[in-house]
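Below is one structure; the comments refer to it alone.
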Amino acid sequence: MSLIELKAEDLYDKEKVDLETIVIDDVFKLLQCDENGLTSEESARRIELFGPNKLEQEEQNAFLQFLSFMWNPLSWVMEGAALVAIVLSNGDNQPPDWPDFLGIVLLLFINSTIGFYEERNAGNAVKALMDSLAPKAKVKRNGTWSEIESADLVPGDMVSFKIGDIVPADCRLTEAINVSIDQAALTGESLPQSKKVGDQCFSGSTCKQGEAEGVVISTGANTFFGRAASLVGQDDDTTGHLQKILAQIGSFCLVSIGIFVIAEILVLYAGFRYSYRRGLNNILVLLIGGIPIAMPTVLSVTLAVGAQQLAKHKAIVTRITAIEELAGVTILCSDKTGTLTTNKLTIDRATIRTYGPFSADDVMLLAAYASRTENQDAIDTSVVSALGDVSRARAGIKLLDFKPFNPVDKRTEITYLEESSGKLKRVTKGMTGIIIELCTRNKTDEVENKLEADVEEFATRGLRALAVAYEELDGDDPEAEGNGFELIGLLAIFDPPREDTKQTIDDAQALGVKVKMVTGDQLAIAKETGRRLGLGDHMYPAKVLKDGPAPGGKHMNLDEMILDADGFAGVFPEHKYEIVKRLQGLGHLCAMTGDGANDAPALSRANVGIAVEGATDAARGAADIVLTEPGLSTIVHAIRGSRIIFQRMRNYSIYACAVTIRIVVCFAILAFAFRFDFPPFMVLIIALLNDGTIMTLSVDRVLPSMTPDAWDLAEIFSYAVAYGLYLTASTVALVAIILKTSFFYDNFGVTFNGAAFPSGPNDAQLHTIVYLQVAIISQALIFITRSHGFFFMERPSVALMVAFCIAQLISSIIAAYGNWGFTEIRGISGGWIGIVWVWNIVWFAPLDWIKFGMKATVIKKMRERHDRNAAAAAQQASQAGFPITRTQSRAASIHESMYSNRVSFIRRAARKVGFGRKIAMKPEELQRFSSIQAQRTGATLARNPSRTGA
């Protein structure tokens, strides 16, 4: 099917799309169907022709996803090292360095395989959960009604929907009983629209009242929303916050390696006159050992495992790096209806007002009489439910006549026979102004004033008022006039907060997250809800976002007002977008909840967009996290979970940078001081064992922080340098004692092939000793970086402990039996292995004190300076007006984007931007659009006739 080549805003332009409305009979002819529906065979043929009834999502190629783990600057250096080993090492009459080449390639493949497997697993888990949310549709096939997935609908299908259902596809109504459709998710219209036979209903809108049947005219990308969405374009897959951090950490490691590689080239070749191959092997050691090759994989696995853990709390992560950003969120902008509240109108029994001889319970019962007990609207449901026992709404009475609510009369009315007394009675409920005019029996100034005062009080508290009146009838004629209505009561209707919401908000605030209510409801309702939840009632109407703060008020500018507010009322989707944009401009990481297609821009703009339970497909597509359970508690669970995941990533980042410093500085100093040539292959073994152990950090046991997390790279690099230099000293000191003294021979009797001293700085057994010392203490460092206090006070996960023990066992076995001539190592005695273990334990003990010393000196000064700079910047911004700039979460540079494809999860499904404006159009324009859909669908069927003649 061809697309209408128009801009989104032109799609509904009368001048461009001007076809006359097609009558419903012509629709059936065009679509080659009838009211009995399609046959199974014909529907199968049409789904091949038109495709599934859903917006297509880009499937990620599994092979390219696997290769993407090798496509980042850190991997490029390792790939360069592999080329050095196989191409440039072919010199000095020696063959290419096949062992190192194969080892590097193996290391790359192992990292890619682990990352690919974990990410694929997490992706499959997310897909399974998303599939479980697939909407259903009631469809007529082979002449009988059945329920199928909405994705299986095709043009020509007969569908049915009723109150509360989502319209499954674009359709024209063939039957309509009191139908009202909420199109707000598509067009932003605030009120539901009444529909009649022949009218069109669009996919994604909600049936608010009545029952309907219709014929499907368009599905999938050719629906009203699908076509507009395909024209507005997708958000570019820009680099996220974590990719930026990864880029900077990678740059730190690459610069560190580069400095010492250049130093080695100058010293070893120009100073020591090394041969080509000998100098190249030393450079390979720095390249292989210094690159934290596992970093992208470890972070990706940590996030993927975290996504699976969050799914247990009913939070589906569709952009995996959003987990890291959620850990740093400082402001959560939450919708009210359905998120903070139950989205079910409820009678506040404590505030019922009475005006006659009836009690509050009597008023409730009579109001329930005047309510429908089936096919109810929201108000009737709330009144009847307030009785507790729904059957009481018709118990003891015989219904004679009922007038449902309509927009003209604005009230309901029941005439009934009271079985106990045999009397005819009538009750009406509805809008207060209408009801009081009917009350001829007690319509006095006193009653009118009291009613007006009560209604105003309800309004200031955000409660809707519903008046109830009663009269008796003489005789047996239910259509006769009564003795006059009497005002008997006033009910307060409100949308109550969820039971867990107040506690959840308290929990969020305890975690340092400010919750702001952003609702389309009235200001008074928002304030009342805020008071009940402990959010505060310092709220503003949406118009302040356009007008700005009042002159002479306490706020100097709009940004200051937004930051100070507890919430906003009467907002439209464009207001949500503006609020998020300005909060980000103030330097906050902002999360936003939403449920409709028009929320998509705000969800996409926010650092973390959260589609609440029951959200439209459009909102889910734009969101980073999709909730499958109602309420706010899931979000707080997700915040806690994300902070645990953040701590794991931070711990690893310190460790990875420290190991880089430790390897490049250590082996450069050994080469400069002793002309020590460490075998490159043994660095590969160290890296391989390190990776196996470090992968278990993804399930490590850590405590979440009680404040929003933020990457302080200066702090991470400071710790890394301190740890790295200390571990370098541990190795250099060991080598110096072995080469310059007979200390170990004199005290422990250990030898080098029977001699007290090694044959030289490149003795094969000395290589083994250095390998074992570096392997053990480098891995042990993780226990220091993962803890905030003494390492033994924070118990690691079983997986980490087991992996560490296995890696050390393998290292010790290699040290004892590794007589590998190709890599210049030879097995050492048990005495030497014991000496290395004791040496490392002695050097390991002070590492905690280095951490505490850094905290008390360097880190403390850095934080104080940071706080001073932040305070000065805030003061300057306050005086000059806050700049509106995009936060780092969506800012990308060429360098950072090199990392983006590696840390990205399954690409955000169909995130759409540009849907911020409401689509304003007249009903006849909608009708024209449905006509052109039917025309195009019919043309397709005409070109592809059924072989069976359907």
Single residue of Ala722, Ala780, Ala764, Ala775 found to be touching a strand residue (DSSP E or B) at 6+ places or on another chain (Cβ under 8 Å) and in contact (Cβ under 8 Å) with a residue 40 or more places away in the chain | Ala764
Picked from the range 809-851 (must be farther than 21 Å from Val732 by Cβ and in contact with a Pro (Cβ under 6 Å, 6 or more places away or on another chain)), the residue least open to solvent (accessible area, probe 1.4 Å) is Thr823
Under the condition of being closer than 30 Å to Arg172 by Cα and free of Cβ contacts under 8 Å to residues at least 40 places away in the same chain, which residue from the range 30-84 is most open to solvent (accessible area, probe 1.4 Å)?
-> Glu48
Report whether or not Leu725 is out of contact with any Ser or Thr (no Cβ under 8 Å at 6 or more places or on another chain), open to solvent by 10 Å² or more (accessible area, probe 1.4 Å), more than 21 Å from Pro296 (Cα to Cα) and not small (Gly, Ala, Ser).
-> yes
Filter the range 357-404 down to the residues that are closer than 15 Å to Tyr470 by Cβ and assigned to a loop (DSSP other than H, G, I, E, B), then identify the one that is most open to solvent (accessible area, probe 1.4 Å).
-> Pro357
The number of residues in the range 406-422 that are open to solvent by 50 Å² or more (accessible area, probe 1.4 Å) and within 25 Å of Gln193 (Cβ to Cβ) is 4
Qualifying positions in the range 561-571 - buried (at least 18 other Cβ atoms within 10 Å of the Cβ) and not in a loop (DSSP other than H, G, I, E, B) | Met561, Ile562, Gly567, Phe568, Ala569
Which condition number in (1) over 38 Å from the mean Cα position of the chain (by Cα); (2) modelled with pLDDT under 90 is the one that Leu670 fails?
-> (2)
Every pair of residues 6+ apart whose Cβ atoms lie under 6 Å, when the first sits in the range 400-426 and is farther than 22 Å from Glu437 by Cα and in the same structural domain as Glu472 (by the TED database) while the second is open to solvent by 50 Å² or more (accessible area, probe 1.4 Å) and in a loop (DSSP other than H, G, I, E, B) = none
For the range 459-468, does any single residue satisfy the condition of being in a helix (DSSP H, G or I), at pLDDT below 90 and open to solvent by 10 Å² or more (accessible area, probe 1.4 Å)?
-> yes
Going by the structure shown, is Ser778 open to solvent by less than 40 Å² (accessible area, probe 1.4 Å), out of contact with any Phe, Trp or Tyr (no Cβ under 7 Å at 6 or more places or on another chain), polar (S, T, N, Q) and within 19 Å of Ile669 (Cβ to Cβ)?
-> yes
Can you name every residue in the range 504-544 that is part of a loop (DSSP other than H, G, I, E, B) and more than 16 Å from Phe568 (Cβ to Cβ)?
-> Leu511, Gly512, Val513, Gly534
Residue hits (the range 529-557; touching a residue at least 60 places away in the same chain (Cβ under 8 Å) and in contact with a Leu (Cβ under 7 Å, 6 or more places away or on another chain)) are Thr529, Leu533
Can you tell me which residue among Ala611, Ala550, Ala542 is in the same structural domain as Ile505 (by the TED database) and within 27 Å of Ala307 (Cβ to Cβ)?
-> Ala611
Residue list for the range 625-647, filter: in a helix (DSSP H, G or I) and either open to solvent by less than 20 Å² (accessible area, probe 1.4 Å) or in contact with a Phe, Trp or Tyr (Cβ under 7 Å, 6 or more places away or on another chain) (or both) = Thr634, Ile635, Val636, Ala638, Ile639, Gly641, Ser642, Arg643, Ile645, Phe646, Gln647
Selection status of Ala492, among the small types (Gly, Ala, Ser), under 29 Å from Val363 (Cβ atoms) and assigned to a loop (DSSP other than H, G, I, E, B) | no
Inside the range 264-317, can you point out the residues that are surrounded by 20 or more Cβ atoms within 10 Å (Cβ to Cβ) and free of Cβ contacts under 8 Å to residues at least 12 places away in the same chain?
-> Tyr274
When the range 71-106 is examined, which residues are found to be among the acidic types (Asp, Glu) and at pLDDT 75 or above?
-> Glu79, Asp100
Among the listed residues Leu697, Leu734, which satisfies the condition of being part of a helix (DSSP H, G or I), farther than 30 Å from Gly512 by Cβ and either of a type in the set (A, V, I, L, M, F, W, C) or open to solvent by less than 40 Å² (accessible area, probe 1.4 Å) (or both)?
-> Leu734
Whichever residue in the range 506-544 is more than 21 Å from Met561 (Cα to Cα) and under 23 Å from the mean Cα position of the chain (by Cα) and, among such residues, is surrounded by the fewest Cβ atoms within 10 Å (Cβ to Cβ) | Ala510
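The values are calculated or read from the model by the stated rules, or taken from the named source; none is laboratory data. In this text, all values refer to a predicted model and were calculated from it rather than measured experimentally. With ideal geometry, Cβ positions are generated from the backbone for all residues, glycine too; neighbour counts draw on all protein chains shown. Each accessible area value is taken on the protein alone, full model and side chains, heavy atoms only, with ligands, DNA and RNA left out. Shrake-Rupley method; radii C 1.70, N 1.55, O 1.52, S 1.80 Å.
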